[in-house]
1. Return the total of residues in segment A:138-152 being under 21 Å from A:His113 (Cβ atoms) and within 14 Å of chain B (Cβ to nearest Cβ).
2. Out of all the residues in segment B:138-165, which are assigned to a loop (DSSP other than H, G, I, E, B) and under 28 Å from A:Phe264 (Cα atoms)?
3. For B:Gly276, only one of the following conditions fails: (1) away from chain A (no Cβ under 14 Å); (2) under 30 Å from A:Lys235 (Cα atoms); (3) part of a loop (DSSP other than H, G, I, E, B); (4) over 22 Å from the mean Cα position of the chain (by Cα). What is its number?
4. Under 8 Å by Cβ, and 6 or more places apart or on different chains, what pairs join a residue from segment A:387-401 that is under 15 Å from A:Arg190 (Cα atoms) with one that is of a type in the set (Val, Ile, Thr) and modelled with pLDDT of 85 or more?
5. Please give the number of the condition A:Glu376 fails out of (1) touching a residue at least 12 places away in the same chain (Cβ under 8 Å); (2) surrounded by 12 or more Cβ atoms within 10 Å (Cβ to Cβ).
6. Would you confirm, using the coordinates I've provided, whether A:Leu300 is touching a helix residue (DSSP H, G or I) at 6+ places or on another chain (Cβ under 6 Å) and either free of Cβ contacts under 8 Å to residues at least 60 places away in the same chain or away from chain B (no Cβ under 14 Å) (or both)?
7. Kindly check whether there is at least one residue in segment B:305-321 that is of a type outside the set (Gly, Ala, Ser) and more than 18 Å from the chain's Cα centre (by Cα).
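The values are calculated or read from the model by the stated rules, or taken from the named source; none is laboratory data. Computed from a predicted structure; not experimentally measured. Glycine also receives a Cβ, built like all others from the backbone with ideal geometry; neighbour counts cover every protein chain displayed.
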Amino acid sequence: MQKPLKIIIFDGSFKTTAFINRLVTGLAQQHQVYVLGFNESLAKPIEKVTYVSLGSNQNKFKLAITSLKQAMRQGSIRGLLTILKKLVRGDKKHLQQQNLTWTLKKINPDIIHLQWPSTIPWFEHVLLEQKIPVVLSQRGYHNNVRPFVDTDNFDYLQQWYPKIAGFHSVSKAMAINGDKIWNSLNKIDRVVYTGLVIDEISFKKGFTITSPLQLLSIGRPHWKKGYDYALQACKLLKETNIAFQYTIIGGAGDEELQFLIHEFGLQSCVKLENRLPQEIVFKQMKQASLLLMPSLEEGLPNVLVEAMAVGLPVLSTDCGGVSELITHAKEGWLIPIRNPNAIVDSIIDFTKLPQEQIEAVRLAARKKAEQQHSEEMMVAGMEKLYKKVMRVQKSIRSPKANISLF
Amino acid sequence: MKIGLVIPNSPGYSETFFISKIKGLQERGFDVRLYCQYKKGDFNLCPIVCSPKVISNPFLQGWYFLKAFLLLLPYLPTIVRYSNLERKAGTGLIQLLKKTYLNAHLLKAKLDWVHYGFATQAIGSENVAKAIGAKMAVSFRGFDIAIYPLKHPGCYNLLWEQVDKVHTISDGLLDKAYKMRLPQSVPVEKIMPAIDVNFFSCPSKSMALEHNQALKPTEPVRFLTVGRLHWKKGYVLMLEALAILKKKGIPFTYTIVGSGSKKERERIAFAALQLGIKEDVIFAGTLNREQVKKEYAKATIYLQYSISEGFCNAILEAQSMKNLCIVSNAEGLAENVLHGETGWVVPKLHPKLLAEQIEQVIKLSEEEKIQLTEYAADRVKNELSIEKQQAEFAAFYS
């Protein structure tokens, strides 16, 4: 049995996202996993995972208590004075940074895994020291949008990427984007696809297209999700007299979407729902006819993988890593971005497909999800990345070491 | 006559609408004072009364609360009247206390008119004017009528019952208000926004001619939009239209003057990137009045393809600066620009139609362009000047 690693997972919060939680759960079976965050507690902590507070973002009193506790643990008067000075100044960021430094010293991790590029500023001192290897995930907006529209952000990442020991990319497309920021012959970048506990997701049997046609989208109402184009498509679809209901789970309360629904006269056929628990989302997926993903850019959307695992046919824009998941008309259907006419045409085509063809696509989609997106594969892929990064780091520190192992 | 103008904060000197309104009223003998959440900058055009503070510290908030109620004691009859009106409207005791605190600055006022600068400002203060024995006016400005009620249905029901007079900047907004059950019996005055036509003016026809030189096929067309970066301004739709032109080989530059949230800026910049026109789009950011004037002077076609727009002062400035203006038909824009006479109005949310309209405008003869821009500038000068607006506001309260 291999020696367990001490891994720090950092995205700034204890709660993190569902997919980071799945990674944490998987890693915690074999390794010592620490989640650091700017919270004080978590309602449903993951078993075997150690949560370390760096001081609350919301509550100044709790931040002070956490900071003082951290200082006391150091057993140094100087440390205590430093904290007191920062408390008097109300210097929240520096208090949290100090707490992070002490936490890293205490844990002495084998690896630090940053989940988003926006967290790099917290670890600049670690990157400068080059003692603990840092892995960065390239997942979405912060990698495939912001650097390419914000020169300062691009320059910042270009400055720090060479100091990052290894990269995790959620898709090949994402890795290519990362290379545009910085590339090198020695760059370690591993594509590890998102993982699901597929066995726990039951496949819907006996699929039929509902009447009215039930269209479903799932995700926060961010412009990159392209819901404005989906609503334009709904307007066109309404003009064809095809009866449909379109639900956007997570879209409730969005001003722009509400305005467009009203503007296009879609109040009776489009519904914006609040965010829902995963089990209810799966239930809704089983009641729908088609998952519509009109995004302008994506890493590799978890919601597509989940819909494919459930057996809900998917119609998605061909952006980011989607084509690594779906071959057009094989595991789903692809359409160009920013094209409401293409969305409508594809929906109409879908309604005319023979049952056997839809069934074949559904089965192929489930198979693809099983083969490419199991939780075991995700955890194993990440472990391989960590170990490779550590071996390379070790070989750099002791050049005589045998590096042929990798 | 004493007018209390309720707006979120004191206007900056570039905010023509309120500044010219205040100056105009003062020149005609009105006593104007502002009721704001906070005072911004060194505004000293008229007295400002700030609303009671709302803070997160419960102890300090408690103290402010107590202080506000003590200072309201000399106004007991007004408070009793206000409480009766609120209780009649079904307001509970806790809510009544909150409302009394938040309106304390207005409840102490002695005014003839309480004028809410935006309909949203009146929410929660509907009974204040009656309680202090004043008349209540409200302005319809855009977002407050076209967007806010979609998220808060029925938010103006009480306002419609209490308002004495409505000011709208466009018929488009008024129509929307009627659809939200504003009673037809409420008196309404349409007073369109105005600009400083002396400042925003082209010195001569030759300058207009010079502008239009840029519409020769070999020269890039210089498009311009002035406005904050917000989804309702339709920037992505404009970029989609421009991308169509680019595919047809029409060279251009597109300057966007204005700022907004990082998220909105990234949305527009990413659209330009994906549409292949990143190099043709210039984000000029926030500019001062002089700099904006220079941008108008450089531009050939002014675009305002908004998804929602109350009226839009920038288009008035562009017309006054003899730009060829192409706009959408959102709310008040078709009243701002007369289709085929002072510019062109294109159905909103149809970037292909916008691209077609732009192409047609580019193909117009020089004479046609000059004739149209001259007429547009004259119309702004004669019908949408600050002097005319000031006179209309003075008449509004009479």
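1. Step one: of segment A:138-152, the residues under 21 Å from A:His113 (Cβ atoms) are A:138-144, A:146-147.
Now restrict to residues that are within 14 Å of chain B (Cβ to nearest Cβ): A:140-144, A:146-147.
Residues in segment A:138-152 being under 21 Å from A:His113 (Cβ atoms) and within 14 Å of chain B (Cβ to nearest Cβ): 7 in total.
2. Correct list: B:Arg141, B:Gly142, B:Ile147, B:His152, B:Pro153, B:Gly154, B:Cys155, B:Tyr156.
3. Here B:Gly276 clears every test but (1).
4. A:Lys388/A:Ile188; A:Val389/A:Ile111; A:Val389/A:Val135; A:Val389/A:Ile188; A:Met390/A:Ile111; A:Val392/A:Ile188
5. (2)
6. Criteria not met by A:Leu300.
7. Yes; the residues of segment B:305-321 include at least one that is of a type outside the set (Gly, Ala, Ser) and more than 18 Å from the chain's Cα centre (by Cα).
Per-residue answers, yes or no, for (1) crowded, with 20+ Cβ neighbours inside 10 Å; (2) in the same structural domain as B:Lys232 (by TED's automatic domain parsing); (3) closer than 23 Å to B:Ala241 by Cα:
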| residue | (1), (2), (3) |
| --- | --- |
| B:Asn336 | yes, yes, yes |
| B:His339 | no, yes, yes |
| B:Thr342 | yes, yes, yes |
| B:Leu353 | no, yes, yes |
| B:Lys363 | no, yes, yes |
| B:Ile370 | no, yes, no |
| B:Asp378 | no, yes, no |
| B:Ala391 | no, no, no |
